[in-house]
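A quick write-up on the structure given underneath.
The values are calculated or read from the model by the stated rules, or taken from the named source; none is laboratory data. Model, not experiment: these values are computed from the prediction. Note: ideal-geometry Cβ built from the backbone for every residue, glycine included; neighbour counts use all protein chains shown.
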Amino acid sequence: MQEKRKNTEKNRYRVIYAFIILVTVLVLYRLFSLQIINGEDYREISDSRLARSIPVKAPRGEILDRYGRPLVKNRVGFSVAVSKIDDNKEQMNEMILNLCNLSEAENLGYEDTLPISENLPFTFTFTGETEEERLKKETDFRIKNNYNSDISAQDIIDKYVKKYAISGRYNARQIRKICGMRYAMEQRNFSSNNPYIFLKDININIVTQLKEQKEKYPYISVYEEPVREYVSGTVASHILGRTGIIDADEYAVLKHEGYGMNDYLGKQGAEKAFEKYLRGTDGVNSLERKIRGGKSELVYSREPIPGNSVVLTLDLDLQRAAEESLKTHIQRISSTARYGDGHDANAGAAVAIDVKTGEILALASYPTYDPGEFNKRYNEMYSDPAKPMLNRALMGAYEPGSTYKPVTAVAALEEGLTTTDEKITDKGVYKYLGHDFACWIYRSSGGTHGSINVSQGLQHSCNYFFYEMGKRLGIEKLNEYSKMFGLGQYTGIELEGEEEDGQIANPALREKAGGVWYPGDVLQASIGQSDNLFTPIQLANYAATLANGGKLYNAHLLKSIKSNRTEEIIEHKEPIIRSNIEIKKENYDAVLEGMRLVAAEGTAAGVFSGFGVQTAGKTGSAQVSRGSANGIYIGFAPFEDPQIAVAVVVEHGGSGGNVSYIGRDIFNEYFFGSKANEASNENLSRENVLLP
């Protein structure tokens, strides 16, 4: 029995051994067949199947003005990508340094986001308005990169030196350059399958230099791709915005929508707001190449699909006229005004809106910049005290001064607290709860406006009249009507995150800021002072609402979307009415008559005298903590059938009379064209420069 069991086990082992031998023989035979008998055939098949997919960037859609004239289009540019072919760290470091040196010599911008100083001793370069803010940025950086809480800038440099075998033959500045680029490459997931875009939109001279010195740049490839071209230079730069390479936070959100780490997308303005329309669909080229040399062959191609064109509501000519007028008159005011009356005018904004649709026809901010030079001049612009990158039309919040008085007038009339016929006698100084509030004319000359009704109160911008209206109304009613006209609120413009909401003066706001609200503050609020802060676009939309009889539209920039294939309109933006203010006809007529008188006989008469279209408006000035008062103007035209509303603010402009010339130039361009605009500037009157 024992013997039989042993024989059975031996037989089992023999079967297993036989099976192993059979499998080994079959494997060896297969390898022999693949490598020896049919080796050449399979090598050719293997070589032919070695392919690389290369994305072909789709052109972004064009951005056009309302008449189809291009504001942003595309041209062909050259980009430089670094590819990971092998793991020769020393050679890669040398090439990185060569690229950095070339970029600096040719004044080309390249990405270096490592927050460490350029020279010894290495320190962190985080900044913040407070020490707490700076330390938070430093902490966030350590957490994001999995560094110890006590790691120093020098420790980080040492880590990169070790990780990437950076040679000791380099000096500290060179080591920092290499580390900075290695850090940037890491942030963009640099690998054999994901090249790193080092330079974008370089000129042909740089391309030639790179090709002629191949030995210095062994890991790069130069290729053509579409590049954004801002056709009109600085015109509409704050509206159009810019594109830029996707950052880590954006990628985390957008990677599921097909974005890659080397993709460019809209960063600001219309480029960002209308990204979903402008972005195209990338194509693919699949190249076969021989391992042992030979030509590459294109075996598969999917053509890129360009993005659709975005048609804005802007009128290019009107936009250009607004920007040129801002620049011209700000320089005129600063060079001719007396000290304290506008000698320090240096910046401003102007907005024009279609009163029947809410379409933005022009939105200008001064000073401005060239979006094509954004990356190259960023540091210079960031440190410029004039803040050329600030879109004052949307982000500047200003006291409205006397341009607010039509709100007070409408509120008092509609609430039955005055009538169109009631006359109030201006006594020069308005006395309220033991305090004196002087009318502007009394302060300047000791005079008064006499006995006046609401229309005349607007015509002469009489503070005394509107102090009385403010006392009768109270701050709650003023707030209510301010909101009806869209003041202190977002306007609905599509540039989300790029618009300030401003604020409406009220006790809660003052107390929140740590101050005390006094009963007399309602009088100041009624003439546009106190804590009222509104943006130029809000003021323009408010003027449009007055002009059209009380319809408050959402201000908007998008007019339509045009197909990239058929040129047909595939989407059209319809006007949106946010609210409709019910104003009795006699009250409405009285307020508009007062605004007509401002241009015909009042504080803007010297500017609009002899103008070819009857306009209506309101001038204003608002004191600021230092320097000349801000100058403000709102208006619309034609008076009989309003089409366009305008708002202008000039920082330290001195008075509304000073800045209303800019409003006139915009009307001039809208109704008569640029030639008439040039002629109208030949005779600039210095009248009314001290008027509110």
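In summary, strands (runs of 3 or more DSSP E) completely within the range 506-597 and bearing 1 or more residues that are in contact with a His (Cβ under 8 Å, 6 or more places away or on another chain) occur at 558-562.
Can you find a residue that is surrounded by 24 or more Cβ atoms within 10 Å (Cβ to Cβ), outside any helix (DSSP H, G or I) and at pLDDT 95 or above anywhere in the range 442-455?
no
Exactly one residue out of E224, E229 is assigned to a strand (DSSP E or B), farther than 30 Å from N88 by Cβ, touching a residue at least 24 places away in the same chain (Cβ under 8 Å) and not assigned by TED's automatic domain parsing to the domain that holds T113, and it is E229.
Filter the range 104-115 down to residues that are surrounded by fewer than 19 Cβ atoms within 10 Å (Cβ to Cβ) and more than 20 Å from Q187 (Cα to Cα), then give me how many there are.
As a first pass, look at the range 104-115 and keep what is surrounded by fewer than 19 Cβ atoms within 10 Å (Cβ to Cβ): 104-107, 109, 112-113, 115.
With the extra rule that they be more than 20 Å from Q187 (Cα to Cα), the set shrinks to 104-107.
Within the range 104-115, residues that are surrounded by fewer than 19 Cβ atoms within 10 Å (Cβ to Cβ) and more than 20 Å from Q187 (Cα to Cα) number 4.
This table checks each residue for (1) surrounded by 17 or more Cβ atoms within 10 Å (Cβ to Cβ); (2) more than 30 Å from K144 (Cα to Cα); (3) at pLDDT below 90.
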| position | (1), (2), (3) |
| --- | --- |
| N203 | no, yes, yes |
| V222 | no, yes, yes |
| E225 | yes, yes, yes |
| G233 | no, yes, yes |
| S237 | yes, yes, no |
| T243 | yes, no, no |
| D247 | no, no, yes |
| L254 | no, no, no |
| G260 | no, no, yes |
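Evaluate the following for I143: is it modelled with pLDDT under 95 and hydrophobic (A, V, I, L, M, F, W, C)? Criteria met by I143. Counting only strands (runs of 3 or more DSSP E) wholly contained in the range 358-437, the ones carrying 3 or more residues that are of a type outside the set (D, E, K, R) and in the same structural domain as T535 (by TED's automatic domain parsing) occupy 360-366, 429-432. Here F671 fulfils each of the conditions (1) assigned to a helix (DSSP H, G or I); (2) buried (at least 22 other Cβ atoms within 10 Å of the Cβ); (3) at pLDDT 95 or above; (4) in contact with a strand residue (DSSP E or B) (Cβ under 8 Å, 6 or more places away or on another chain) apart from (2). Do the conditions hold for A347, that is, is it within 30 Å of I577 (Cβ to Cβ) and either under 20 Å from the mean Cα position of the chain (by Cα) or surrounded by 24 or more Cβ atoms within 10 Å (Cβ to Cβ) (or both)? Judged against the criteria, A347 is not a match. If you go through the range 631-650 and keep only what is buried (at least 24 other Cβ atoms within 10 Å of the Cβ) and either of a type in the set (D, E, K, R) or farther than 20 Å from D589 by Cβ (or both), you end up with G631, I632, Y633, I644, V646, A647, V648, V649, V650. Summed over the range 205-220, residues that are buried (at least 20 other Cβ atoms within 10 Å of the Cβ) and assigned to a helix (DSSP H, G or I) total 1. If the condition is being touching a helix residue (DSSP H, G or I) at 6+ places or on another chain (Cβ under 7 Å), of a type in the set (G, A, S) and over 18 Å from L97 (Cβ atoms), then the range 149-172 contributes only S149.
Restricting the range 59-86 to residues that are at pLDDT below 90 and not in a strand (DSSP E or B), which is farthest from S563 (Cα to Cα)? Among those residues, the one meeting the criterion is D86. When T24, T8 are checked against the criterion of being of a type in the set (V, I, T), in a helix (DSSP H, G or I) and at pLDDT 65 or above, T24 stands alone in meeting it.
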